[in-house]
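First the structure, in the form of structure tokens, and then the observations on it.
Any read-out appearing in this document is the output of simple, stated calculations on the displayed coordinates, not a laboratory observation. What you see is a predicted model; the values in this text were computed from it and never measured. Quick reminder, even Gly has a Cβ in these numbers, built from the backbone with ideal geometry, and neighbours come from all protein chains shown.
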Amino acid sequence: MPDKKKITLALKRGASCVGCDIAVVNFSEKLFELIEVADIVFSPTLLDVKYDDLIKMPDKSITIGLYHGAVRNSDNEEFAKIMREKCQILIAYGACAHLGGIPGLANVSNRAKIFETVYKKTFSTDNPEGIYPQTEWTDEKGHKLTLPEFYDEVYALDDVVDVDYYVPACPPTHVMNMQILNLIKGWVEGKLELPPKGSVIAEEKTLCDECPRNPGKGKKIKIDKLRLITEVEPDPEKCFLEQGILCLGPATRAGCGAPCIEANMPCRGCMGPTSRVMDQGGSMLSALASIFGVSENELELSEEDIEKFVSQMKDPLGCFYRFSLPKSLLHRVVQDK
Amino acid sequence: MSNNDDKLNILVFTCNWCAYAGADLAGVSRLQMPTEFRQIRTMCSARVDPEFILYAFKNGADGVMVAGCHPGDCHYIGGNYRTRRRMALLKLLLQQFGLNPKRFRLEWVSAGEGQKFAQVINEFVNEIKELGPSPYRKKQEVRDAG
Ligand code: SF4
Ligand code: SF4
Ligand code: SF4
């Protein structure tokens, strides 16, 4: 139980699409229930506040801070640290803060290549002198201007600061927000204990475990062709993988309420992996490989034949780590000989 | 694993029934083999989770080989059919991560193929020597330093 009847809440974004701010608005009428127990003291999207207002607040004066977005530049890191200082409890809210999220896919590239594409090669860019963003610039009159440093790779929130809780998904769904609301309310009213530090506020099972389309334990799925969701009209009741459509359910944590499956779209894995595996991509890779059917002429197949067969899976890295590349075992793409 | 640039980290997974026995035979036959590799025995090549290999590269492996029974010879009938699909897909993934495809290798070695084991291990170690340390070693150092 907190020491006051009403707690305070702050929302800060890093490398975010702001969808996570909108997810908070998606509390809809329940937002009033939240406001009954919590004063929102800082949120650039919802309130007329300045960064200085946050900086001036005393340390640990905010009860709960929600940080959404990844850490892509020095400004994101600086404010992650400020949030850590000002908040008693810091929550990584949404896939980007949790695992790097969509911005984390930039880890297939690096700063030099990104700058070259954006500031030189794009069709609409005219930059014959090859001027790239500088972190500092002084004009003739001595006025100094600064820009944050763009990092070589993208990080998740807990790569730069200590994080108390994680709320996954891109963005956290209404079901999940209601779970947080009940937790916060229960805690403020002294009825609920907070979960252990480091918890991911969701389920420990995989999405398949909870999916109504799950063909059932023991039933072996076997496919010989992968189909793109854009090419077929998926059966609205049958398991996507059974239909040969990539679905990240076997490698993804449950708890989102499966809104995508309900809308007849396969899961893309935004909840991240369960705590039982080290790497969402490795886990999905095993799951997919095990349903690629063994053929009758298996003994005649060479490793090249098998490689050709599995290469139906286009862009495994992008599909298996769509939301978790910075938190995968290898973090990013490298250059080898 | 070692972070010393001169010392290579080469990992070889061998299945208990075929590849391990093949490696053993290569040893008792006193075939010439490099000393730069470390072997991990699993009951079946299908026990080698792709995550183990990603984990090995994360922790500084410069090359990883998975060796199992020839198709049709698996002690557990079809374990290696799964292995070959997984490893083929993993190969694509590792290439996307930027690793030179020579750093990862799948081989079938039977219990009687001591000669073949010695040959592939010689080849593999030489290839890794030519490539040198994996780029993931340096990346990891930078990240660990903050
Ligand atoms: S998690 Fe999704 S909605 Fe939230 S900031 Fe990232 S991309 Fe946007
Ligand atoms: S693979 Fe997808 S559709 Fe099939 S059971 Fe799992 S979550 Fe449901
Ligand atoms: S079904 Fe998959 S992609 Fe959709 S919200 Fe849940 S975890 Fe995310």
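Taking the square root of 5 times each eigenvalue of the Cα gyration tensor, what semi-axes in Å does the equivalent ellipsoid of the stretch A:287-337 have, largest first?
28, 14, 9
Which of the GluC sites (Glu not before Pro) across the stretch A:96-175 are loop residues per DSSP, with 11 or fewer other Cβ within 10 Å?
Qualifying residues, ordered by number: A:Glu129, A:Glu140.
Which whole-number percentage describes the relative contact order of chain A, with Cα contacts under 8 Å and a sequence gap of 6 or more?
Across chain A, relative contact order equals 19 percent.
Do any trypsin sites (Lys or Arg not before Pro) in the stretch A:202-235 lie in a loop, going by DSSP, with at most 12 other beta-carbon atoms within 10 Å of their beta carbon, and if so which?
Passing sites in the stretch A:202-235 are A:Lys217, A:Lys219, A:Lys220, A:Lys222, A:Lys225.
Each residue of the stretch A:33-48 in order: what ³J(HN,Hα) in whole Hz does its phi give by Karplus 6.51 cos²θ - 1.76 cosθ + 1.60, θ = phi - 60°, with x for Gly and Pro?
5, 5, 5, 5, 9, 9, 8, 7, 9, 8, 6, x, 7, 9, 10, 7
So what's the net charge close to A:Leu90: Lys and Arg +1, Asp and Glu -1, counting the other residues with Cβ under 12 Å from its Cβ?
That works out to +2.
How about chain A: what cysteines have no other cysteine beta carbon under 4.7 Å from their own?
Unpaired cysteines in chain A: A:Cys17, A:Cys20, A:Cys87, A:Cys96, A:Cys208, A:Cys211, A:Cys239, A:Cys247, A:Cys256, A:Cys260, A:Cys267, A:Cys319.
Long-range amide H contacts for A:Ile245: which residues qualify at under 5 Å (H placed 1.01 Å from N, peptide plane, sequence gap of 5 or more or a different chain)?
Under 5 Å from the amide H of A:Ile245: A:Arg227.
Rounded to whole Å, give me the distance from the Cα center of the stretch A:12-45 to that of the stretch A:169-215.
Using only Cα atoms, the two centres lie 17 Å from each other.
Quick check: Cα centre of the stretch A:78-98 to Cα centre of the stretch B:33-79, how many Å?
40
So if I average 1/r over every pair of distinct C-alpha atoms in chain B and take the inverse, what Kirkwood radius in Å does that give?
15.5
Which angle between 0 and 90 degrees, to the nearest 10, do you get for helix A:280-291 versus the longest principal axis of chain A when only C-alpha atoms count?
20
Calculate how steeply helix B:79-96 sits against the longest principal axis of the alpha-carbon atoms of chain B, using the helix alpha-carbon long axis, and give the answer as 0 to 90 degrees to the nearest 10.
For B:79-96 against chain B, the angle is about 20 degrees.
Between the stretch B:84-119 and the stretch A:56-76, what is the C-alpha centre distance in whole Å?
Their Cα centres are 46 Å away from one another.
Using the beta-carbon distance between A:Lys220 and A:Leu147 and R0 = 56 Å, what value does 1/(1 + (r/R0)^6) give for FRET efficiency, to the nearest 0.05?
The computed FRET efficiency comes out at 0.50.
Can you tell me, using C-alpha contacts under 8 Å and at least 6 residues apart, the relative contact order of the stretch A:261-337 as a whole percent?
45
How charged is the neighbourhood of A:Leu301? Take every other residue with its Cβ under 12 Å from the Cβ of A:Leu301, and add Lys/Arg as +1 and Asp/Glu as -1.
-4
When Lys and Arg each count +1 and Asp and Glu each count -1, what net charge do the other residues less than 11 Å away from B:Arg105, Cβ to Cβ, add up to?
Within the 11 Å Cβ shell, the charges total -1.
Calculate how steeply helix A:174-188 sits against the longest principal axis of the alpha-carbon atoms of chain A, using the helix alpha-carbon long axis, and give the answer as 0 to 90 degrees to the nearest 10.
Around 40 degrees separate the two axes.
Which entries in A:Lys197/B:Lys91; A:Lys50/A:Lys185; A:Lys81/A:Lys185; A:Lys314/B:Lys58 show an alpha-carbon gap greater than 32 Å?
As for pairs spanning more than 32 Å Cα to Cα, those are A:Lys197/B:Lys91.
With all distinct Cα pairs included, what does the Kirkwood hydrodynamic radius of the stretch A:207-327 come out to in Å, to one decimal, could you say?
One decimal place: 15.1 Å for the Kirkwood radius.
Per residue of chain A, what 222 nm ellipticity follows from adding -39500 (n - 2.57) for every DSSP H run with n ≥ 4, rounded to the nearest 500?
So the calculated ellipticity at 222 nm is -7000 deg cm²/dmol.
Using only the Cα atoms, work out Rg/Rh for the stretch A:103-207, with Rh taken as the Kirkwood radius, to two decimals.
1.18
Need one word for the stretch B:1-64: rounded, prolate or oblate. Basis is the Cα gyration tensor (sqrt eigenvalues a ≥ b ≥ c); a/c below 1.5 gives rounded, then a/b vs b/c decides.
It is oblate, given that a/c is not under 1.5 and a/b is not larger than b/c.
So which GluC sites (Glu not before Pro) in the stretch A:229-282 are both in a DSSP loop and have at most 11 other Cβ atoms within 10 Å of their Cβ?
Those satisfying the criteria are A:Glu231, A:Glu237.
Report the percentage of all Cα-Cα pairs in the protein assembly as shown whose separation exceeds 38 Å, rounded to a whole percent.
Counting pairs separated by more than 38 Å, the tail of P(r) holds 36 percent.
Normalised by the residues of the stretch A:56-127, what does the relative contact order come to in percent, with Cα pairs under 8 Å and at least six apart?
Rounded, it is 31 percent for the stretch A:56-127.
Mind checking which aspartates and glutamates have their C-alpha under 19 Å from B:Lys7, skipping anything on the same chain fewer than 8 residues away?
A:Asp336, B:Glu36, B:Asp62, B:Glu123, B:Glu127, B:Glu130, B:Glu141
So what's the stretch A:110-152 giving for Rg/Rh, alpha carbon basis, Kirkwood Rh from the mean inverse pair distance?
Over the Cα atoms of the stretch A:110-152, Rg/Rh equals 1.05.
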